[in-house]
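Encoded as structure tokens, the structure appears first; notes follow it.
The values are calculated or read from the model by the stated rules, or taken from the named source; none is laboratory data. Just so we're clear, the structure is a prediction, and the values are computed from it rather than from any experiment. With ideal geometry, Cβ positions are generated from the backbone for all residues, glycine too; neighbour counts draw on all protein chains shown.
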Amino acid sequence: MPRLAPNPALFPAFVAQCSVSFDPNDDSELATQFPGVVLPASLSRAVAKRRVEYCAGRFCAREALRVCSAQDADTPVGSGPHGEPLWPSGVVGTITHTHEFASAAVALTRDARAIGLDAERLTELSADVLDYIALPAEIETLALASRMSVESVASVVFSAKETLFKCLYAEVGRYFDFRDALVDSLDAANGRFEVRLLVELTPRLGEGASFAGRFGLEEGRVHTAMVIEPSG
């Protein structure tokens, strides 16, 4: 069995979450490490890290479903054409994994239109990566306003935009760029962020649409989470 890890306290109570820690290089006896999880044939020859991450994420998804929607706990969470998780009807969910850590969160569609979750290692990002994920001066402006280090701000911005993407992907149905969104604010004291679309993604997700999320820094990682309320 994988080692259960504490869930970052970022979601409201109606979201069920499960997190684990694992050795990303140990793909021996995956069926024993992650009982009940079936590795798809498409990953049978993948590198050890990819195989273990997949199993860890799907294990977390099943355990989160067991809490939120028990009748779906044994329904395999498949993958769509771009690798996105395919959740049972009536459920929205999200999966993340980074070095030695995986987590999944799920909620019923009566409580949430979409949820997003991401975890990243806190690390110094290269100039090329920063240019890819953020607009000019976005990181510096947020660092000055929040009084967080540039390294921490960059990691939060990267993770926050990943979380936004996960929230919106099912509705948008395609990838969109990091620079299609701008993190407007980081509240370091309360662990909150706001991110705004700079382009229209769909008629309902237009330019200027704003979303709020939460973040936390712990054990060398940044965690971000977002819940979008059901449509009225």
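State yes or no: is GLY57 farther than 15 Å from PHE34 by Cβ, not β-branched (Val, Ile, Thr) and not assigned by TED's automatic domain parsing to the domain that holds GLU171?
Working: farther than 15 Å from PHE34 by Cβ: no; not β-branched (Val, Ile, Thr): yes; not assigned by TED's automatic domain parsing to the domain that holds GLU171: yes.
No; evaluated as a whole, the condition is false for this residue.
Output yes when any residue across the stretch 216-225 is within 21 Å of ILE95 (Cβ to Cβ), β-branched (Val, Ile, Thr) and either surrounded by fewer than 23 Cβ atoms within 10 Å (Cβ to Cβ) or assigned by TED's automatic domain parsing to the domain that holds ILE95 (or both), and no when none is.
Looking through the stretch 216-225, none of the residues is within 21 Å of ILE95 (Cβ to Cβ), β-branched (Val, Ile, Thr) and either surrounded by fewer than 23 Cβ atoms within 10 Å (Cβ to Cβ) or assigned by TED's automatic domain parsing to the domain that holds ILE95 (or both).
Condition test on ALA61, is it touching a strand residue (DSSP E or B) at 6+ places or on another chain (Cβ under 7 Å) and in a strand (DSSP E or B)?
When the stated conditions are applied, ALA61 does not pass them.
Please go through the stretch 98-120 and give me each residue that is part of a strand (DSSP E or B) and of a type in the set (D, E, K, R), ordered by number. Working first, answer last.
Residues of the stretch 98-120 part of a strand (DSSP E or B): 98, 101-108, 114-120.
Within the stretch 98-120, ASP118, GLU120 qualify.
Does VAL67 satisfy the condition of being outside any loop (DSSP other than H, G, I, E, B) and either touching a residue at least 60 places away in the same chain (Cβ under 8 Å) or more than 21 Å from the chain's Cα centre (by Cα) (or both)?
Criteria not met by VAL67.
Name, by its number, the condition in (1) crowded, with 22+ Cβ neighbours inside 10 Å; (2) more than 30 Å from ASP23 (Cα to Cα); (3) touching a Gly at 6+ places or on another chain (Cβ under 9 Å) that does not hold for THR109.
THR109 satisfies all of (1) crowded, with 22+ Cβ neighbours inside 10 Å; (2) more than 30 Å from ASP23 (Cα to Cα); (3) touching a Gly at 6+ places or on another chain (Cβ under 9 Å) except (1).
Within the bounds of the stretch 121-137, is there any residue that is touching a residue at least 12 places away in the same chain (Cβ under 8 Å), assigned to a helix (DSSP H, G or I) and within 30 Å of VAL91 (Cβ to Cβ)?
yes
Look through the stretch 162-180, keep the residues that are of a type outside the set (A, V, I, L, M, F, W, C) and closer than 19 Å to ARG113 by Cβ, and return whichever of them is surrounded by the most Cβ atoms within 10 Å (Cβ to Cβ).
In this case the residue turns out to be THR163.
Looking at VAL153, VAL183, VAL195, can you tell me which residue is free of Cβ contacts under 8 Å to residues at least 60 places away in the same chain, buried (at least 18 other Cβ atoms within 10 Å of the Cβ), part of a helix (DSSP H, G or I) and of a type in the set (Val, Ile, Thr)?
Within the list VAL153, VAL183, VAL195, the selection yields VAL153.
Among the residues of the stretch 206-232, write down those that are assigned to a loop (DSSP other than H, G, I, E, B), modelled with pLDDT of 95 or more and within 21 Å of SER159 (Cβ to Cβ). Steps first, please.
Here is the first cut: in the stretch 206-232, the ones assigned to a loop (DSSP other than H, G, I, E, B) are 206-209, 219-220, 229-232.
Going one step further and asking which of them are modelled with pLDDT of 95 or more, we end up with 206-209.
Within the stretch 206-232, ALA209 is the sole residue that qualifies.
Kindly indicate whether any position in the stretch 50-61 is without any contact (Cβ under 8 Å) to a residue 12 or more places away in the chain and of a type outside the set (Val, Ile, Thr).
Checking the stretch 50-61: at least one residue is without any contact (Cβ under 8 Å) to a residue 12 or more places away in the chain and of a type outside the set (Val, Ile, Thr).
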